[in-house]
Amino acid sequence: MSPTTLPLQRYLAALHEKYRTMDAGAVTTYIPELAKADPNWFGICVVTTDGYAYAVGDSEVPFTIQSVSKPAIYAAALADRGRGPVLRKVGVEPSGEAFNSISLDPQTGAPLNPMINAGAIATTGLVAGATAAQQWERIVEVMSNFCGRPVTVDEDVYRSESETGFRNRAIAWMLKNFDVIDGDPMPVLENYFRQCSIQVTCLDLAFMAATLANGGVHPRTGKRTVPADEVQSVLSIMATCGMYDYAGSWLYEVGLPAKSGVSGGVIAVMPGRFGLAIFSPRLDENGNSVRGIAVCQQMSREFGLHVFGVSVSPSLVLSRVFTALEVPSRRLRPPPVAARLRQVASRIKCYCLQGEVAFDGAEFVVRSLMQATPESDSFILDMHRVSYLADSAAWLLHDVRQLLVAQGKAVVFSRIRGRAVVEAALRRTLPEGDNGYLSFEDNDLALEWCEERLLSAEAETSPPEGTVAGFPLFSGMSERALTLLRERLRSMDYPAGAIIISSGEEEDDRVFFLREGEVSVVLSLADGSHQRLATLSAGMSFGEMVMLGSRARSASVHADTPVRSWTLSARALDELAVDHPEIKIAILKNLSLDLAHKLRQANQLIGVLAA
Ligand code: GLN
C-alpha cells in the first residue's frame, strides 16, 4: 500500500492544493529575522496515536517554534513542580487579549494563563533546574522528547528577538515586581527567547500534537513526555487560551485544543486519535496562521472533529446478551435433568461487554442487570472484548455484584485472562471486606457453573447407573435385540485423566456407552488451546460417528473421573446386522434423532453469535 493512495493522504493533498493559493495575511515582522520567511511555505501533517505520519507540502522545512512551545513547557512545569505550585504562579483563565498583552491578575499579579507571553515567561522560570543553564537543559530535553529527536536553536532568530524584545523584557520585570519570578528575571527571559527559537518542522509539531493526543507518550519513541494526569490540564489550557483573542471563536468553530505561533505553526489535538500540524507563515490580525485556521476549520467540519460533537451512546458497551437456554454449556445431561434445566435456563444471562467501558457504559450495564433481576438468577459478564475499564466503571460493577449477591443472585466474570487493564481495574476497586469475585476462563465454564447452581437449588437426583436398555441409542429395542447387543458389548474401565479416544485415530471403530463417571469431548485448536465440545455422564454414549463410516476421530475424549464403560465395535454391529438388519436400522434411527437435536442446538448457537 503506497502512502499516496491512502484516503487521508489524498484528502490532505487536496486540502493543500485548495489553500495553497489563499494569500490573505502577512508574515510577521516584529521579530526582524522572522520577516525572512517565505510566505508561500505551506505544510500539513497528521500523526496518529499509533504513530502513522501523513505529510503534504513543506513538512520538512525548518522554522522556529515560537509560541507552539508554550504548552510543552507548561507540561514540563506541571511535571517538575506539581500542579499546586504552578497554579499559584500562573492562572488558567482566558485573557481574550493579544498574545503579548500584559494580562496580570489585578489582585495577585499572576499572569492569567500560560499561553500568553506573560504566563509563558513565568512558566519557563518554573521548569526544573537550580540555575538558568540547568533549566535550559531541561527545556531542550522536553522539546526533544516531544519531537522524538534532538532539537537545536536558530541562533539568528534568537539574537534578533533578544535584541528587539523590549515588550517581553517589560513583562519579565512586571513578573519580577509581583514575585511571580524569583531571582533575576533576565536569564529566564533569555531562556524563553531561546525556547521560542528552537527549530522544528511541521512534522515535528504533528508528533508533538500526537504525543498530547496519546496521553503524553510519544507515539514513535514510546517515551512518556507528559505525566498522564496532566495531559488534560495542558489540553484544557490549549482549548480555552491556545489561539489568543480568537480562542472563543476557535473553540466554537473548530472545537479542538490547539496552539499557534507567530512563525506560522499551528497544532491541534484530537484526544486519543491524532495530532494535526499546519505550517504557513501568513498571519491574521490575531497572530494566527490564516491557512492553518482554514485547514482546521474545514477538517473539523468535514470529519466531525469537534470534541463536544462526539456522542457515543453508552449502550454500545453491551454487544449482546444471551441466555443459557439459547446457548447452554457443553455439559450434556440425562434427559430428565436436561428437561428440568430447560425450564429455568433463561434465568442465566450472559452479558458481553465491549470496547472502552467508562462510568456511563458501566452505568448502562448495571441498569440492564437490575432491570433483568426479577426473571434472572445468574449473570455472566463476558469481558473478552473490553479494551479498557475505568476504575469508576469497575467500582459500579462490583457494587451491583454485591447488591445482587445479597439478593441470592450470582454475578460472575468470564474471559478476563489476558485483559491486564480490566483485571487491574477490578482488583484496584475491590471493596474492602469483599471476598472477591468469581472469574471463569470462558463462557462455557461460567455457564456450566451457573447451571449447576440452578440445578443444585432443586431436588438432587443421582445419575442412574447406565443400563443397556437405558441408553438412548438402544431406545425402542425388543428384549431379544437387547440380549443380542449385550452379548457384543465389551467392558472397558479407565482411570481419571486417561485419554479414551485420541483425535485423528483411524483404527478404533468402537462406540462407547458410559456406565459410570464423566468424560469430556475436547477439540484441539490450531493455536494450541483446547475447546470443550461436551461433558457426558452415565447413560450417554460417544464415538458414534464410526457407525456412519467416518474413519478418523474428529475430537479427543478424556476421562474426567474414573470411568466404567461398555464398547460396541462397528464391525460387530455390521456382523449382527447380516441376520438382524432391524437392529442396525433402529440404532441409526436413534442416532439420527440425536444428531438432529445437536444440529438444532448448533444452529441456535450460530444464530446467537451472528446476531
Ligand atoms: N517569541 C514570540 C514572542 O514572545 C512568540 C510569540 C508567538 O509565537 N505568538 O513574542
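The values are calculated or read from the model by the stated rules, or taken from the named source; none is laboratory data. What you see is a predicted model, and the numbers here were worked out from it, not measured in a lab. Backbone-built Cβ (ideal geometry, glycine too); neighbour counts: all protein chains shown. Keep in mind that these areas ignore ligands, DNA and RNA; they rest on the heavy atoms of the full protein, side chains included. Shrake-Rupley method; radii C 1.70, N 1.55, O 1.52, S 1.80 Å.
Number of residues in segment 271-309 that are within 30 Å of TYR30 (Cβ to Cβ) and touching a residue at least 60 places away in the same chain (Cβ under 8 Å): the value is 19. Of the residues contained in segment 48-65, one or more are found to be free of Cβ contacts under 8 Å to residues at least 24 places away in the same chain and open to solvent by 10 Å² or more (accessible area, probe 1.4 Å). Out of everything in segment 574-611 that is open to solvent by 50 Å² or more (accessible area, probe 1.4 Å) and small (Gly, Ala, Ser), what residue ends up being nearest to LEU485 (Cα to Cα)? Only one residue tops the list, namely SER592.
Please go through segment 112-124 and pick out each residue that is open to solvent by less than 10 Å² (accessible area, probe 1.4 Å) and part of a loop (DSSP other than H, G, I, E, B). If the condition is that a residue be open to solvent by less than 10 Å² (accessible area, probe 1.4 Å) and part of a loop (DSSP other than H, G, I, E, B), then ASN113, PRO114, MET115, ILE116 are the ones that fit. Among the residues making up segment 239-260, those that are outside any helix (DSSP H, G or I) and in contact (Cβ under 8 Å) with a residue 40 or more places away in the chain are GLY242, MET243, VAL254, GLY255, LEU256, PRO257, LYS259, SER260. Close contacts from segment 147-164, counting a first residue that is touching a residue at least 60 places away in the same chain (Cβ under 8 Å) and a second that is more than 14 Å from the ligand (Cβ to nearest atom) and open to solvent by less than 80 Å² (accessible area, probe 1.4 Å), with Cβ to Cβ under 7 Å and a gap of 6+ residues or different chains, come to CYS147/ASP204; CYS147/PHE207; CYS147/MET208; GLY148/PHE207; GLY148/HIS218; GLY148/THR221. The single condition from (1) part of a helix (DSSP H, G or I); (2) farther than 30 Å from GLN107 by Cβ; (3) of a type in the set (Gly, Ala, Ser) that GLY222 fails is (1). Considering the conditions (1) at pLDDT below 90; (2) crowded, with 20+ Cβ neighbours inside 10 Å, PHE440 is excluded by exactly one of them, (1).
Scanning segment 387-414 for residues that are in a helix (DSSP H, G or I) and among the charged types (D, E, K, R) returns ASP391, ASP399, ARG401. Of all residues in segment 106-135, those that are at positive phi have Cβ atoms under 9 Å from Cβ atoms of residues that are in a helix (DSSP H, G or I) and open to solvent by less than 10 Å² (accessible area, probe 1.4 Å), 6 or more apart or on another chain, in GLY109/LEU175; GLY129/ILE139. Would you be able to tell me the number of residues in segment 82-124 that are among the hydrophobic types (A, V, I, L, M, F, W, C) and within 11 Å of the ligand (Cβ to nearest atom)? Count: 7.
Filtered by the rule that a residue be modelled with pLDDT of 95 or more, open to solvent by 40 Å² or more (accessible area, probe 1.4 Å) and hydroxyl-bearing (Ser, Thr, Tyr), segment 219-252 gives THR221, SER236. Check segment 176-194 and report whether any residue there is more than 18 Å from SER69 (Cβ to Cβ), assigned to a helix (DSSP H, G or I) and open to solvent by 50 Å² or more (accessible area, probe 1.4 Å). Within segment 176-194, one or more residues are more than 18 Å from SER69 (Cβ to Cβ), assigned to a helix (DSSP H, G or I) and open to solvent by 50 Å² or more (accessible area, probe 1.4 Å).
When ALA72 is tested against (1) small (Gly, Ala, Ser); (2) within 16 Å of the ligand (Cβ to nearest atom); (3) open to solvent by 20 Å² or more (accessible area, probe 1.4 Å), exactly one condition is not met: (3). Within segment 253-292, if we keep just the residues that are within 14 Å of the ligand (Cβ to nearest atom) and acidic (Asp, Glu), the residue that is most open to solvent (accessible area, probe 1.4 Å) turns out to be GLU285. The C-beta contact set for segment 503-515 (first residue surrounded by fewer than 16 Cβ atoms within 10 Å (Cβ to Cβ), second residue not hydrophobic (A, V, I, L, M, F, W, C), distance under 6 angstrom, 6+ apart or interchain) comprises SER503/ARG553; SER503/SER556; GLU505/ARG553; GLU506/ARG551.
Scanning segment 321-335 for residues that are surrounded by 21 or more Cβ atoms within 10 Å (Cβ to Cβ) and among the aliphatic types (A, V, I, L, M) turns up just one, ALA324.
Here VAL151 passes the criteria (1) β-branched (Val, Ile, Thr); (2) within 16 Å of the ligand (Cβ to nearest atom); (3) buried (at least 23 other Cβ atoms within 10 Å of the Cβ); (4) within 36 Å of the chain's Cα centre (by Cα) except the one numbered (3).
Please indicate, with yes or no, whether at least one residue in segment 195-204 is within 15 Å of the ligand (Cβ to nearest atom), within 29 Å of ILE278 (Cα to Cα), part of a helix (DSSP H, G or I) and not acidic (Asp, Glu).
There is at least one residue in segment 195-204 that is within 15 Å of the ligand (Cβ to nearest atom), within 29 Å of ILE278 (Cα to Cα), part of a helix (DSSP H, G or I) and not acidic (Asp, Glu).
Of all residues in segment 80-101, those that are more than 14 Å from ALA247 (Cβ to Cβ) have Cβ atoms under 8 Å from Cβ atoms of residues that are within 16 Å of the ligand (Cβ to nearest atom) and in a loop (DSSP other than H, G, I, E, B), 6 or more apart or on another chain, in VAL90/ASN113; VAL90/PRO114; GLY91/LEU112; GLY91/ASN113; ASN100/ILE116. Just one residue in the set GLY51, GLY91, GLY109 is in a loop (DSSP other than H, G, I, E, B), within 31 Å of the chain's Cα centre (by Cα) and not aromatic (Phe, Trp, Tyr); that residue is GLY51. Looking across segment 75-85 at every residue that is open to solvent by 10 Å² or more (accessible area, probe 1.4 Å) and in a helix (DSSP H, G or I), the one that is farthest from SER197 (Cα to Cα) is identified as GLY84.
Put simply, of ALA133, ALA128 the only residue that is assigned to a loop (DSSP other than H, G, I, E, B), at pLDDT 95 or above and either farther than 14 Å from LYS70 by Cα or away from the ligand (no atom under 16 Å from the Cβ) (or both) is ALA128.
Does LEU599 satisfy being part of a helix (DSSP H, G or I), of a type outside the set (S, T, N, Q) and at pLDDT 90 or above? Yes: the conditions hold for LEU599. Among the numbered conditions (1) at pLDDT 90 or above; (2) touching a Lys or Arg at 6+ places or on another chain (Cβ under 8 Å), tell me where VAL546 comes up short. Of the numbered conditions (1) at pLDDT 90 or above; (2) touching a Lys or Arg at 6+ places or on another chain (Cβ under 8 Å), the odd one out for VAL546 is (1). Residues in segment 1-42 that are assigned to a loop (DSSP other than H, G, I, E, B) and without any contact (Cβ under 8 Å) to a residue 24 or more places away in the chain were compared, and the one that is most open to solvent (accessible area, probe 1.4 Å) is MET1. Looking only at segment 165-174, residues that are more than 10 Å from the ligand (Cβ to nearest atom), in contact (Cβ under 8 Å) with a residue 24 or more places away in the chain and surrounded by fewer than 19 Cβ atoms within 10 Å (Cβ to Cβ) come to 2 in all.
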